[in-house]
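Student: Please read through the structure below; I'll follow up with questions.
Throughout, read-outs are computed from the coordinates displayed, never taken from laboratory work. All values reported here derive from a predicted model rather than from experimental measurement. Cβ coordinates were reconstructed from backbone atoms using ideal geometry, including for glycine residues, and neighbour counts include every protein chain displayed.
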Amino acid sequence: MANSSGKIKMKIKRLIKPLLIIVLTFSWLLTGLPGIWLPVKNGESVRFPPKIYNVKADATGAVLPTLGETVSESPWSDNTWLNPTNIYSDNGVYAEVTASTFDSPDQTYVLKATGFDFSAIPDGSTINGITATINAYNASGLTGSVDLCQLLDTSKAKVGTNNCTTPVALTTNTATIITKGGTSDSWGNSLTAAWVKSSNFGIAIGILATSANADVFVDYVALNVSYTPPAATTTLSTSSDPGAATVAPASGIRSAGQFTYTTNTGSDTITALTLTLAGSPAGSYAAVDSVSIRDTSCSGTLYFSAVTPSSDSVSFSGGTALSATTGGNTYYVCVTPKDHTLASGTYGVSPYVSSTWTSGSGNTKAGTDSNANALTIDNTAPNGATSVSGTAGNAAVTLNWTTSNSSDFNTTSGSVVYRWTGSSAGSEVPAEGSTPTAGATNGTATAACVISSAGSSAQSKIDGTGGSSGCTTTALTNGQAYTYKVFQKDNYGNYDAGVSIGSFTPTAASATFTQNKYLWYVDNDLADPTAIWGNPDLIENQAIVVVPSGNDPPGTGQELRLRVNYVVNTTGISISEKYFKLEYKAGTDGTCTTGSWTDVGTGDWVYATSGVTDGADIVKVLSDTTTGKGEEYVKSKPSQANHVAASAAEIIEYDFHIVGTGATANTQYSFRVVETNNLGATEVVFDGYTSCPTLITEPGTANLLRHGNVFTEGIEKGFFWVN
């Protein structure tokens with residue numbers, strides 16, 4: 001027996017260990033505690049064993065009303081309740097019907113108890129049943145019975161089953177409790193959590209008098225709701241996604257979508273999720289430097305960690321998990337675009353949370369997210385400028401172009417003109433996303449102009465001396481070639497490749513002149529003649545003509561002095577800068593702007609010889625010559641270089657000493673001054689000729705008859721001539 005007993009003990013010991021393992025394993029599987037997380041795919045993981053929810057019926061406990069009222073509703077309309085609000089608590093203070101007229105078979109008004117606080121019942125709960133407890137009694141010998149106990153709907157109307165169709169006789173015991181309904185009794189209604197949580201939900205009570213002069217009392221009414229909470233669920237939903245927008249590369253982090261997680265009960269954490277970027281065109285993820293999930297816009301807490309996408313599917317896990325509560329938690333999908341080094345193009349992304357996400361509490365997952373609004377990253381250059389041209393000026397260049405016709409042309413600083421010193425452009429271009437300032441340098445290039453304007457608009461700007469607004473105003477070097485290229489920028493910082501305007505060499509501006517007044521003089525072999533031609537004296541801008549004879553038209557070999565002045569236009573002249581020569585023509589039109597002209601010194605008219613030094617200073621005699629601007633005596637071609645400087649609008653004066661050695665008798669000649677070089681070999685006609693010096697030569701005896709002499713105070717002064 002002893003040996004047999006020992007064997008039995010050994011067998012029991014062998015069975016205890018595996019039985020214990022089996023019990024513990026079933027306990028683990030049934031309770032779900034402790035749980036472990038197993039990875040699956042796309043960053044998602046699952047809990048094992050699944051959490052076992054103890055879904056059981058719950059109850060609110062007895063809840064008292066906060067509103068009591070007496071309502072006449074046929075047939076419950078014989079006697080009203082006094083103090084109906086006394087049913088709020090178990091305190092021995094009663095709602096009552098004690099009128100002497102309350103006699104059998106009278107019925108009380110309906111006593112409606114509402115305002116029950118069942119807010120603790122989770123939304124979506126299943127309502128299993130309702131238990132009502134009523135503390136009521138009657139006075140001794142003055143009896144009654146409860147004949148009405150029926151639930152109220154959300155409009156305080158009686159609905160469902162009257163659970164007191166079998167009357168409940170009252171007693172004189174003030175502690176009498178009438179209980180109706182139960183944990184699975186819905187009183188003939190399809191009750192919902194929303195219904196019982198309504199402030200109008202409650203119970204209607206009515207009492208029937210069963211004696212003469214009955215007195216009945218109700219101390220309190222309480223309801224106890226039995227319910228089953230819903231399974232814990234976390235719901236994903238679309239939030240207020242930002243509208244569609246187009247942004248520049250390297251424009252910084254910004255919201256591209258929103259989503260919300262909400263629980264139906266308690267709280268949850270989202271430990272992993274996958275975003276779909278929904279790129280258009282495909283591959284647009286390549287324009288995104290990073291994607292992150294944050295709260296409070298894109299400046300708030302970073303959840304998980306930022307990810308640089310390698311496809312349209314972006315997975316997040318680790319780091320700070322998302323929270324979900326019954327009030328809902330909203331999060332932002334934040335996108336940071338890459339800079340302008342990405343390939344040229346336009347990229348659109350519309351991020352949303354895919355169906356792949358993990359509830360940290362193992363809640364049931366519900367809902368979806370979507371995003372119809374794209375964030376577009378524009379890295380496409382605008383169209384270039386057209387109609388380019390330019391002209392060189394004095395220490396400046398005028399540049400012309402028509403701006404880009406692209407719809408996204410940047411009207412603020414959208415045209416950037418680069419200038420290179422030399423006859424060819426360098427390789428420099430404006431940095432994408434930048435806005436240079438006029439005068440800024442980039443390698444060998446200088447930003448000559450940075451211009452704001454409308455698209456497709458003609459522009460004409462000056463770089464250099466007298467520079468336009470938005471251009472440099474420092475004088476360019478005359479004689480130095482400069483090359484220009486114009487770049488167009490769009491609203492997203494993209495530049496086109498640039499369009500060449502050309503190479504231009506500024507040249508110093510040369511003064512121009514307008515011949516103004518003249519006066520004929522008799523030569524006196526001095527730098528300044530004193531005798532005005534004619535008798536009487538001619539006046540300024542008066543021609544020498546045949547009649548009257550006092551004009552004394554010059555004959556062959558007769559020397560004349562022509563004083564003439566001219567206005568310096570626009571640009572002044574420096575000392576020793578200019579040379580002039582006198583020209584003539586024969587003809588009767590008397591204008592200095594037409595006809596064929598010959599230099600004085602050749603043919604009919606030549607310079608006279610005299611003892612006066614060529615280029616001698618003269619004193620001005622013409623009325624509007626600027627004081628101090630008498631220039632010089634001229635007896636050869638060209639004049640000597642000018643002796644004095646003159647500013648724009650000043651008038652300078654010259655004296656030309658000429659003789660018509662080959663002039664034809666009785667012929668009209670006109671004279672004009674032109675600009676020339678130091679050899680007299682070039683001709684630059686003046687801008688204008690206000691007057692044109694004119695004379696008619698002496699008729700000669702062959703075709704004229706001397707009519708008589710002219711004397712003044714006994715001195716012969718001239719002749720009259722007639723045909």
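Student: Quick one: give the max-minus-min coordinate of the C-alpha atoms of the chain along each principal axis, largest first, in Å.
Tutor: 181, 94, 36
Student: Another question, if that's okay. Based on the alpha-carbon gyration tensor of the stretch 592-633 and its eigenvalue square roots a ≥ b ≥ c, which shape applies: rounded if a/c is under 1.5, prolate if not and a/b is larger than b/c, or oblate?
Tutor: Details: a/c = 3.63, a/b = 1.35, b/c = 2.69.
Oblate, since a/c reaches 1.5 and b/c is not below a/b.
Student: Run the Debye formula on the Cα coordinates of the stretch 237-374, all scatterers equal and no solvent, and tell me log10 I(q)/I(0) at q = 0.09 1/Å.
Tutor: -0.25
Student: If Lys and Arg each add +1 and Asp and Glu each add -1, what is the summed charge of the other residues whose beta carbon sits under 9 Å from the beta carbon of THR246?
Tutor: Local charge sum for THR246: -2.
Student: For the chain, which longest stretch is free of loop sites, where a loop site is one of the trypsin sites (Lys or Arg not before Pro) that DSSP puts outside H, G, I, E and B and that has at most 13 other Cβ atoms within 10 Å?
Tutor: 57-723
Student: List the extent of the Cα atoms of the stretch 185-296 along each of their three principal axes, largest first, rounded to whole Å.
Tutor: Here the Cα extents, ordered largest to smallest, are 93, 25, 23 Å.
Student: Separate question: Would you tally the net charge around THR591, using a Cβ to Cβ cut-off of less than 10 Å, leaving THR591 out, and scoring K and R as +1, D and E as -1?
Tutor: On the way: positive: LYS585, ARG672; negative: ASP589.
So the environment of THR591 carries a net charge of +1.
Student: Rounded to the nearest 10 degrees, what's the angle between the helix 2-31 long axis and the longest principal axis of the chain, both from Cα atoms, 0 to 90?
Tutor: 40 degrees
Student: Find the relative contact order for the stretch 512-696 and round it to a whole percent, using C-alpha pairs within less than 8 Å whose residues are 6+ positions apart.
Tutor: The normalised contact order for the stretch 512-696 reaches 33 percent.
Student: Same structure, new question: Note down the relative contact order for the stretch 657-701 as a percent, whole number, built from C-alpha pairs under 8 angstrom at least six residues apart.
Tutor: Relative CO of the stretch 657-701 lands at 49 percent.
Student: May I pose another question? Using only the C-alpha atoms of the stretch 129-183, find the volume of their convex hull and express it per residue in Å³.
Tutor: Value for the stretch 129-183: 86 Å³ per residue.
Student: Report the convex hull volume per residue for the stretch 58-228, counting only C-alpha atoms, in Å³.
Tutor: Spread over its residues, the Cα hull of the stretch 58-228 gives 92 Å³ apiece.
Student: Expressed as a whole number of Å, what is the distance separating the alpha-carbon centroids of the stretch 303-366 and the stretch 395-438?
Tutor: Each part reduced to its Cα centre gives a spacing of 41 Å.
Student: Now, a different point. Report the local net charge at ASP496: Lys and Arg +1, Asp and Glu -1, summed over other residues whose C-beta lies under 15 Å from its C-beta. Don't skip to the answer; put the middle values down first.
Tutor: Working: positive: LYS485, LYS489; negative: ASP378, ASP408, GLU428, GLU432, ASP490.
Counting the neighbours of ASP496, the net charge comes to -3.
Student: Right, another one. Calculate, axis by axis, the spread of Cα positions in the stretch 599-691 along the three principal axes, and write the results as whole Å, longest axis first.
Tutor: Computed over the Cα atoms, the extents are 40, 32, 28 Å.
Student: Checking the table LYS585/LYS620; LYS517/LYS581; LYS585/LYS629; LYS197/LYS365 against a 19 Å threshold on Cα-Cα, which pairs fail?
Tutor: LYS585/LYS620; LYS585/LYS629; LYS197/LYS365
Student: Rg and Dmax in Å for the stretch 386-504, alpha carbons only: what are they?
Tutor: My reading of the Cα-based Rg and Dmax gives 12.9, 40 Å.
Student: Oh, and also: Distances longer than 28 Å among the Cα atoms of the stretch 512-696: what percent of all pairs is that?
Tutor: When all Cα pairs of the stretch 512-696 are counted, 15 percent exceed 28 Å.
Student: Remind me, relative contact order of the chain in percent, using alpha carbon pairs under 8 angstrom and six or more residues apart?
Tutor: Contact order relative to length: 9 percent.
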